[in-house]
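The values are calculated or read from the model by the stated rules, or taken from the named source; none is laboratory data. From a predicted model like this one, the values you see are computed outputs, not experimental measurements. For neighbour counting, all protein chains shown are included, and Cβ atoms are generated from backbone atoms with ideal geometry for every residue, glycine included.
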Number of protein chains: 2
Amino acid sequence: MNLCPIGVFDSGLGGLTAVKRLIELLPNEDIVYLGDTGRVPYGSRSRETIIRYARQDAAFLISHGIKAMIVACNTVSSAALDLIAPGAGVPTFGVVEPPSERAAALTKNGRVGVIGTAATVRSGAYERAIARINPAIEVISAACPLFVPLAESGRTDAEDAAVIAIARDYLEPIIASGADTLILGCTHYPLLRDAISSVLGEGVALVDSGATTADYVAVRLREMGLLNGSDTPGERRYFVTDIIDGFETQASRFLEADVSGSVRQITLE
Amino acid sequence: MNLCPIGVFDSGLGGLTAVKRLIELLPNEDIVYLGDTGRVPYGSRSRETIIRYARQDAAFLISHGIKAMIVACNTVSSAALDLIAPGAGVPTFGVVEPPSERAAALTKNGRVGVIGTAATVRSGAYERAIARINPAIEVISAACPLFVPLAESGRTDAEDAAVIAIARDYLEPIIASGADTLILGCTHYPLLRDAISSVLGEGVALVDSGATTADYVAVRLREMGLLNGSDTPGERRYFVTDIIDGFETQASRFLEADVSGSVRQITLE
């Protein structure tokens, strides 16, 4: 039993897909969320800069006395988890391993697609994770740099000609490979699920990296005896590095719950 | 006569459109350029965060002993120029006034369109600038949040279905207004000039804010006696806040000149 909060960070809002699932699974746990909204996106930056930002994010959460940390950003999980986890002093989970395990279990034809930011794809992290689980699985990855700006500007509709044209271009190698399972290797991508499905067709199973990771972490914390055993609803605190206004509105949409009053702006630099 | 360099900053690469023209007009001037590539884009952030970043950018250039500063970022020029210019200690030029003057001179029907980032449009800066020049001119503005990500991901082709679908949506109010002149109120947008023209038709004059500002600054520096009077080519130094590699390649494309060896990475925080 451990009464400390669970820490979750992301470059922006996307990590809230993991938080939403975590709240469903572990409603009585306290959660501290950090969204680096003043420097989002990470996915188009260099590995060196991603590491610098991620270290600041992790240090902020650790200073809040967390008992476990979720790096709910695929870019950081792919490019820098090995550099952050050892120094964290608490169990640290990225969003690469859990969806890789699920995709490896789901695929019937041994071909798994992965889509993510430029940095995530460049890192090869999903290829390595899936090879560790089952080296016979072929992994086909594709960078989708415009998916985050599309999702953030609210263009996610499967009827939107621009969204479909861009999705077709990006997903072409996935379709060509015949993959029957696709990892949405960026926490923003579930917002584009309908458009992605309409381009790929119904036969391809989509694996949401944020929600899958929350499932995994809930099991692991229970195993490690780290849950708080409380029967009252947990407290959630949200920290952002740009102003609160925009975040409150969007976060309430992501979480389907009102977060007003529990968001604070901070400076990491 | 003044031998100090001219300082130019932008959130990223876009300001190089101003530098390119400046080099054409004033080949013997030294230039110090700062691109805040580690925190680009600014246009989707809050005014408060834009001001904080812009103050750091300006302080960096001023520490290099510049004789004049160009704020080659429409977002900063629109949201924060009044807060930066007074403390700069050198003549400081934004990219709002010069294109506003040119557009006011060019329009025949008194209707001028402005496109820019969300922050630029929200600021109303172009409306105010044009009203000061000629209050009879009607200004129709439209935010184009996906144009920067499109340009940065290399999707600028006028034959690209996604680019055209997005441009049509964004430019619809401009077309509906019958504007005969459009200010490209973001230094990235000249890369999308062909696509914008193909949607608007040939009858609409496009005003490039970066190049127009360089024209304006060259005239003003001469008037103020601030040119260096040298007859040898100027030295250009480029500073960025993310790694150099990506910048060198893209900058060489923007400037149509090789910048390798003259770029350095720095930290502003």
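For the range A:1-97, which helices (runs of 4 or more DSSP H) that fit wholly inside it have 1 or more residues that are within 14 Å of another protein chain (Cβ to nearest Cβ) and over 20 Å from A:L191 (Cβ atoms)?
Counting at least 1 such residues, we get A:47-62, A:74-88.
I need the full set of residues from the range A:123-151 which are closer than 22 Å to A:L106 by Cβ and in a helix (DSSP H, G or I), in order please.
The answer is A:A125, A:Y126, A:E127, A:R128, A:A129, A:I130, A:A131, A:R132, A:I133, A:F147.
Of the residues that sit in the range B:117-145 and are under 16 Å from the mean Cα position of the chain (by Cα) and more than 14 Å from chain A (Cβ to nearest Cβ), which one is nearest to B:D169 (Cα to Cα)?
B:T120
Restricting to the range B:237-262, and then to whatever is away from chain A (no Cβ under 13 Å) and in contact with an Asp or Glu (Cβ under 7 Å, 6 or more places away or on another chain), can you tell me which residue is surrounded by the fewest Cβ atoms within 10 Å (Cβ to Cβ)?
Going through the qualifying residues, I end up with B:S260.
How many residues, within the range B:152-197, are in a loop (DSSP other than H, G, I, E, B) and farther than 21 Å from B:L13 by Cα?
Qualifying residue count for the region: 6.
Being assigned to a loop (DSSP other than H, G, I, E, B), over 16 Å from A:L25 (Cα atoms) and more than 14 Å from every other protein chain (Cβ to nearest Cβ) narrows it down to one of A:G225, A:G203, so name that one.
A:G203
Which count do you get for residues in the range A:152-168 that are surrounded by 21 or more Cβ atoms within 10 Å (Cβ to Cβ) and either farther than 21 Å from A:S44 by Cα or of a type in the set (A, V, I, L, M) (or both)?
4
Inside the range A:99-120, can you point out the residues that are surrounded by fewer than 24 Cβ atoms within 10 Å (Cβ to Cβ) and at pLDDT 95 or above?
Scanning the range A:99-120 gives A:E101, A:R102, A:A104, A:A105, A:L106, A:T107, A:K108, A:N109, A:G110, A:R111.
Based on what the data block shows, is A:G87 in the same structural domain as A:I70 (by TED's automatic domain parsing) and closer than 28 Å to A:F60 by Cβ?
Yes: the conditions hold for A:G87.
Among the residues of the range A:85-98, write down those that are β-branched (V, I, T) and surrounded by 21 or more Cβ atoms within 10 Å (Cβ to Cβ).
A:T92, A:V95, A:V96, listed by residue number.
Given the residues B:V163, B:V148, which is the only one that is facing another protein chain (nearest Cβ under 9 Å), of a type in the set (A, V, I, L, M, F, W, C) and touching a residue at least 40 places away in the same chain (Cβ under 8 Å)?
Answer to the check: B:V148.
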